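Here the structure is laid out as structure tokens; the discussion comes afterwards.
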Amino acid sequence: IKVVEKTNEINFGTFESSNDDETALLIRNDIVATIRDTAVTKSKGKSTNTEKSTKVGLNSAVVVTFDSTAKLIRSKIITEKDNQHAIYTGGRKSAAILTDTTIETYGKNSSGLVSSNTTKPCVPLEIK
């Protein structure tokens, strides 16, 4: 798991998780992370709690939380198993902005984009 907690730029990175209930890339703590030309893969690992997979992003490839923003540019996110979401945003001001980014999900109950935003009526995801 790669945890990004400071405003940061990631270029040409590769992040992968194959463990149960683990995310490959976690962005948190009120930051803006710009991720360019990066591959994020959740290849194996099952979710031991389907409800938490949907409500808190457990077992997702990318999780954006605690008022953070992830800007994904020319990147690729892949999930291969059941209950693995590609990108999950959670929290009142968390967001994901995708530009020229590819998402592939192959498992059952696996979404490309999931938001659990409890204070805004709109989903904080932007696709360019």
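Side notes on the structure shown:
- Hey, Ile1 open to solvent by less than 50 Å² (accessible area, probe 1.4 Å) and out of contact with any His (no Cβ under 6 Å at 6 or more places or on another chain) or not: no
- Only one entry of Ile97, Ile77, Ile35 meets the criterion of being over 19 Å from Thr7 (Cα atoms), outside any loop (DSSP other than H, G, I, E, B) and either among the aliphatic types (A, V, I, L, M) or open to solvent by less than 50 Å² (accessible area, probe 1.4 Å) (or both), and that entry is Ile77.
- Screening region 61-74 for residues that are farther than 12 Å from Leu98 by Cβ and assigned to a loop (DSSP other than H, G, I, E, B) and picking the one that is nearest to the chain's Cα centre (by Cα) gives Ala61.
- Number of positions in region 4-18 that are over 23 Å from Asp100 (Cβ atoms) and surrounded by 15 or more Cβ atoms within 10 Å (Cβ to Cβ): 1
- Test for Asn29: is it open to solvent by 20 Å² or more (accessible area, probe 1.4 Å) and modelled with pLDDT of 90 or more: yes
- Criterion (touching a residue at least 40 places away in the same chain (Cβ under 8 Å) and among the small types (Gly, Ala, Ser)) met by exactly one of Ser68, Ser94, Ser111, Ser47: Ser68
- Filtered residues of region 7-62 (kept if hydroxyl-bearing (Ser, Thr, Tyr) and farther than 22 Å from Lys93 by Cβ): Thr14, Ser17, Ser18, Thr38, Thr41, Ser43, Ser47, Thr48, Thr50, Ser53
The values are calculated or read from the model by the stated rules, or taken from the named source; none is laboratory data. Everything numeric in this text was worked out from a predicted model, so none of it was measured. Ideal geometry is used to build each Cβ from the backbone, glycine not excepted, and the neighbour counts take in all protein chains shown. Protein only, heavy atoms only, side chains kept; ligands, DNA and RNA dropped before computing areas. Shrake-Rupley method; radii C 1.70, N 1.55, O 1.52, S 1.80 Å.
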